[in-house]
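Asker: One structure follows; several queries about it will come next.
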Amino acid sequence: MQMRLVNGLILIVMTVGMAVRMEAQVVPPAAIAPEPSAQQVAWQQMETYAFVHFGPNTFLDQEWGYGDADPQAFNPTRLDCEQWARTVKAAGMQGIILTAKHHDGFCLWPSRYTDYNISRTPYKGGRGDIVGELAAACRKHGLKMGLYLSPWDRHQVTYGTAWYVDYYYKQLKELLTHYGPLFEIWLDGANGGDGWYGGAREKRTIDRRTYYNWPRAHEMVARLQPNAVIFSDGGPGCRWVGNEDGYADATNWSLLRIGEVYPGYEHYQELTSGHADGDTWVAAECDVSIRPGWFYHEREDTLVKSVDQLVDLYYHSVGHNGTMLLNFPVDREGLIHPIDSTRAVAMHQRIQAELSHNLLTSASIKASNIRDKQQFAVQHLTDGVPDTYWATADGVTQATVEFRFKSAQRINRLMLQEYIPLGQRVRAFSVEYYDKGRWHPIDPGEATTTIGYKRLLRFGTITASRLRIRFTNSRGPLCMSEIGAYLAK
Ligand code: FUL
C-alpha cells in the first residue's frame, strides 16, 4: 500500500517535471533561406588553409605552362610533403589544396589515363605520387586535403572535344577515389585559349557554360566525396571572391543567384560581396599567393608578403565572412621556402596574440530582447561555443546588446559571429562605447553592414566602461553565436 503510494507520487513528480521541461523548450527561430549545408558550415569553420602550386612550371620559371614541357625537367631533389604539412600546421591552418593538375595538363599523380605524369620524371625514379605523399602527410599531421584539377588542359590533343570531357571525369574519379577524404575540389575558372594540344599549337575556345557538363561533376563529388565542398566562380560549395588579392568586401553575403554565375563569369566583381538576394548559400573563399606568382620564381624571394600584409589579409578575408586560402609556391627543391614559412607562422602568432583574450567574458551583458533566458541567453555570446546563440523573439529584427565592464577597458578589436546554420541575417549594425558620461561611435573605417560567419573590426584604441552593439537591420530575428572585444598590443 505504502509502496504504491510512493510509486504513484514518483509518477506524478516525473510527469509534472516532464511537462515543465517541455514548456521550457522554446522553439528556435525559423531558418531563413538559403541555409548552408552541414559540410559548408564545417568548411567555413576551417577559416584558413593553404594552397600549393607545384609542377613543371616551378622548374621552367613559368606561371601558365603551354603543355609542352618535357617531364624530365621536373626534378625536385628534397621534396618532403611533411615539411609542407608541418609548416602549414605551424601557421595555424587546417588543410592543404594541391594543384594535382594545372593548365599545362601535367599530373602530379601517376594517372592511368595519360603518360604526361609524374611517372615520366626523374622524381623517385618514376615511382613517385605527390598526391599520395601529401595525403599521407596530411593524415599524419591532422590536416585536411583538397585537390585542384584544372578543367583547361593545354597538353591534351583532344581538348575541346567530348572525348576530353570523358577523360577529365576519369581523372576526377581517380582523385576522388584513391586518396581518402577530401575537403574541397577546386575547379578553376581560367578556361580555353591557346595551348600545345598535342602539337597543334592553336587557340581553342569552348562554351564555358556547357562544355564540361558541370552537373556531372557535382553529382560525382556528392556521391564519392560527400563531405567535399566544390569551389568554382559560382560554387556550388564555395565561390571565388572575384579577385586574387585575398580580400572580400566588408559587405559580404554568403548568398548567390547561382543560376547566373558559371566558371569564367564576366561580372566577377560581384563575387567580392555576393548577392544580397541570392537564392543559394555559396560563401566566399579568398585565394591569394604569399608571393606575386602562384608558382615559384627565385626572383620573387625578395617579394614575399610581409607579416603586416598577411595579417591585413586575414582581417579582410576571415574577418569579412570568407575563408583565407594562402598559396605557397613550393620551390625547386620541393620545399616551402624558409622566408615564406617564417612569414606565415609569424602571421599566425600575431593574429593569435591580437585576438587571444576576450575582454567581454568578464563583463555583464544585457540585451533589449531575449527569445528565452535559458536557451537563447546572452551568456551564449561569450561562451566560445559555436553551437549556442543569443536570439530575439519572432518579429524582433532590431536589438541592442550592452556589455558593462567592472572597470574601464582598453579595446581596439571586435569580433562578431552569426549562428549561420539558420541563415545569414544581419544587414546593418553599429558599435558604440561609453566613456566620460556619454556614448561615442566607434569607426572601424569600413561599412558595418553584414556579419555572417565572422566579422572582425579594427579601430584605434578606446577606453570604455561599457560597449554596445546596435543591430539595426536584419532579415529576421537575430541569432548571434559569439561576440568578442580585444586589445591588440
Ligand atoms: C587561376 C589560374 O589561372 C592560376 O594559374 C592559379 O592557379 C589561380 C589559383 O587560379 O585562375
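Asker: Find the Cα radius of gyration of the chain, compare it with 2.2 N^0.38 Å by division, and give the number to two decimals.
Answerer: 1.11
Asker: Counting other Cβ atoms within 10 Å, keep those with at most 13, restrict to DSSP loop, and tell me which GluC sites (Glu not before Pro) in the stretch 126-188 are left.
Answerer: Sparse-neighbourhood loop GluC sites (Glu not before Pro): none present.
Asker: Regarding the stretch 359-486, what is the average projected area of its C-alpha convex hull, in nm²?
Answerer: 7.0 nm²
Asker: Antiparallel as a % of all DSSP beta bridges within the chain, to the nearest 5?
Answerer: 55 percent
Asker: On to the next question. Carbon and sulfur: what percent of the stretch 38-354's accessible surface (1.4 Å probe)?
Answerer: That share works out to 49 percent.
Asker: Past the 27 Å Cα-Cα mark, which pairs from LYS406/LYS489; LYS173/LYS305; LYS101/LYS140; LYS89/LYS366; LYS366/LYS454?
Answerer: LYS173/LYS305; LYS89/LYS366
Asker: How many percent of DSSP beta bridges within the stretch 135-243 run antiparallel, rounded to 5?
Answerer: Percent antiparallel among DSSP bridges in the stretch 135-243 is about 25.
Asker: Can you give the net charge of the other residues whose Cβ lies under 15 Å from the Cβ of ASN369, counting K and R as +1 and D and E as -1?
Answerer: After counting each charged neighbour, the total is +3.
Asker: At a 1.4 Å probe, what is the % contribution of carbon and sulfur to the accessible area of the stretch 359-486?
Answerer: The C+S portion of the solvent-accessible surface of the stretch 359-486 is 45 percent.
Asker: On to the next question. Around PRO122, what is the net charge, scoring Lys/Arg as +1 and Asp/Glu as -1 over all other residues with Cβ under 14 Å from its Cβ?
Answerer: Overall, the nearby charge balance is +3.
Asker: Let me ask something additional. Give me the 1.4 Å probe accessible area per residue for the chain, excluding ligands and nucleic acids, in Å².
Answerer: With the other protein chains kept in place, the chain gives 42 Å² per residue.
Asker: Here's another thing I want to ask about it. Positive end of the charge dipole of the chain (Lys, Arg +1 and Asp, Glu -1 on Cβ, about the Cα centre): tell me which of MET46, TYR262, PHE429 has its Cα farthest that way.
Answerer: Positive-most Cα among the choices belongs to PHE429.
Asker: Here's another thing I want to ask about it. Note down the net charge around LEU457, summing +1 for each Lys or Arg and -1 for each Asp or Glu among other residues with Cβ under 10 Å from its Cβ.
Answerer: My count for the surroundings of LEU457 gives +1.
Asker: State, to one decimal in nm, how far the label point of GLU35 lies from the label point of HIS440, with both points 7 Å from Cα in the Cβ direction.
Answerer: 4.2 nm
Asker: Let me ask something additional. Suppose every Lys and Arg Cβ carries +1 and every Asp and Glu Cβ carries -1, with no other charges. What dipole size does the chain come out with about its Cα centre, to the nearest 20 debye?
Answerer: For this selection, approximately 1720 debye.
The values are calculated or read from the model by the stated rules, or taken from the named source; none is laboratory data. As the structure is a computational prediction, the values presented were derived from the model and not from experiment. All Cβ positions, even for glycine, are placed from backbone atoms using ideal geometry, and neighbour counts span all protein chains on display. Accessible surface is based on the protein model in full, side chains and every heavy atom, while ligands, DNA and RNA are left aside. Shrake-Rupley method; radii C 1.70, N 1.55, O 1.52, S 1.80 Å.
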